[in-house]
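**Student:** The structure under discussion is supplied below as structure tokens; questions concerning it will follow.
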Amino acid sequence: MATKNIETIISPKPAHFVGDGFRVHNFIPGTYPLTMKRMDPFLVLDYNAKFHFNGSETPRGVGVHPHRGFETVTIAYQGKVEHHDSAGGGGIIGEGDVQWMTAARGILHKEYHEKEWSKEGGIFQMVQLWVNLPAKDKMSKPKYQTIKNNEIQKVDLGENGFVEVIAGEHEGIKGSASTFSPVNLMNAKLKSGGKATFNFPENFNTAALVVEGSILVNGEQKVQTNHFVLFENKGETFTLKAAEDSVILILSGEPLNEPIVPHVPFVMNTQQEIMQAFEDFNTGKFGYLED
């Protein structure tokens, strides 16, 4: 199989706060060339790089807000987040856990630092990814998947480390999350000098975020902590080698190739559907959730 080479390496933009609990660098769609169309089906990637929050009796976070038309995926690297939504989903995700919320036809939710963790404070590090839904599934029933770290399927690389397969498939191991379209999402946790090879279809939009450490891609290009790698849509195979103990988030998905009409907090296929989403929200059709 042909090598999938790097198209560009992107440095993190200045951080900004989402609510008062998430200090994020936005890669998708805020950094060229990472538009929603280019990264289809991935709509948003916000990265809360390591940040120390002082202890607080009042948990920091984001209050009640709506979504329609996509899924939110939160990956915890350090710290704890508590989630509640109007469909009855919720729970606490801690280090290594994943929260996969399908907003679909409409949901209200809120997310805060977990109460006891908030009292102590500490280093907080998370990724939130928005995954688009196919048009035929945008008005499906909301759902919620809590994926604890001990439930995530892992590919053992021996002395090289291991790969956590959150969604999709790697080396014959299938991910724990169910998805509406072909999406691969995984954490490569490599020891210094450790190497892993990945294979994705040529047309899939593929990228990687260096969460910890630094890596060498295809034996040539070095990528530092907190940098984002966009791969070309040519070739299928690429190799990551850790220059030091490293954690790399890998995402690869088949483009939906459907119209994308975003008006945060909704992402639909037409402007009319966006207007309907606001009407449905304003008339209470997303349910009720106490702030």
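The values are calculated or read from the model by the stated rules, or taken from the named source; none is laboratory data. Keep in mind the model is a prediction, meaning the values are calculated, not measured. Don't worry about glycine lacking a Cβ; one is built from the backbone with ideal geometry, like all the others, and counts go over all protein chains shown. Calculation scope for accessible area: heavy atoms of the full protein, side chains included, ligands and nucleic acids excluded. Shrake-Rupley method; radii C 1.70, N 1.55, O 1.52, S 1.80 Å.
**Student:** Can you pull out every residue in segment 52-62 that is open to solvent by 20 Å² or more (accessible area, probe 1.4 Å) and small (Gly, Ala, Ser)?
**Tutor:** The answer is Gly55, Ser56.
**Student:** Could I ask something else about it? How about segment 21-51: which of its residues are part of a helix (DSSP H, G or I) and among the basic types (Lys, Arg)?
**Tutor:** Correct list: Lys37, Arg38.
**Student:** Can Ser140 be described as among the hydroxyl-bearing types (Ser, Thr, Tyr), farther than 19 Å from Ile250 by Cβ and either surrounded by fewer than 17 Cβ atoms within 10 Å (Cβ to Cβ) or within 18 Å of the chain's Cα centre (by Cα) (or both)?
**Tutor:** Taking the combined requirement at face value, the residue satisfies it.
**Student:** Give the residue that is nearest to Phe204 (Cα to Cα), with candidates limited to residues of segment 163-175 that are open to solvent by 60 Å² or more (accessible area, probe 1.4 Å) and acidic (Asp, Glu).
**Tutor:** Glu169
**Student:** Scan segment 5-16 and tell me whether some residue there is under 22 Å from Lys222 (Cα atoms), in contact (Cβ under 8 Å) with a residue 60 or more places away in the chain and among the small types (Gly, Ala, Ser).
**Tutor:** Yes, some residue in segment 5-16 is under 22 Å from Lys222 (Cα atoms), in contact (Cβ under 8 Å) with a residue 60 or more places away in the chain and among the small types (Gly, Ala, Ser).
**Student:** Another question, then. Please return the ranges of strands (runs of 3 or more DSSP E) entirely within segment 187-291 where 3 or more residues are under 18 Å from the mean Cα position of the chain (by Cα).
**Tutor:** It comes to 205-212, 228-231, 246-253.
**Student:** Identify the residue in segment 143-162 that is of a type in the set (A, V, I, L, M) and assigned to a strand (DSSP E or B) and, among all such residues, is surrounded by the fewest Cβ atoms within 10 Å (Cβ to Cβ).
**Tutor:** Ranking the qualifying residues of segment 143-162, first place goes to Val155.
**Student:** Between Glu232, Glu254, Glu220, which is in contact with an Asp or Glu (Cβ under 6 Å, 6 or more places away or on another chain) and either more than 19 Å from Gly30 (Cβ to Cβ) or without any contact (Cβ under 8 Å) to a residue 40 or more places away in the chain (or both)?
**Tutor:** Among Glu232, Glu254, Glu220, only Glu232 is in contact with an Asp or Glu (Cβ under 6 Å, 6 or more places away or on another chain) and either more than 19 Å from Gly30 (Cβ to Cβ) or without any contact (Cβ under 8 Å) to a residue 40 or more places away in the chain (or both).
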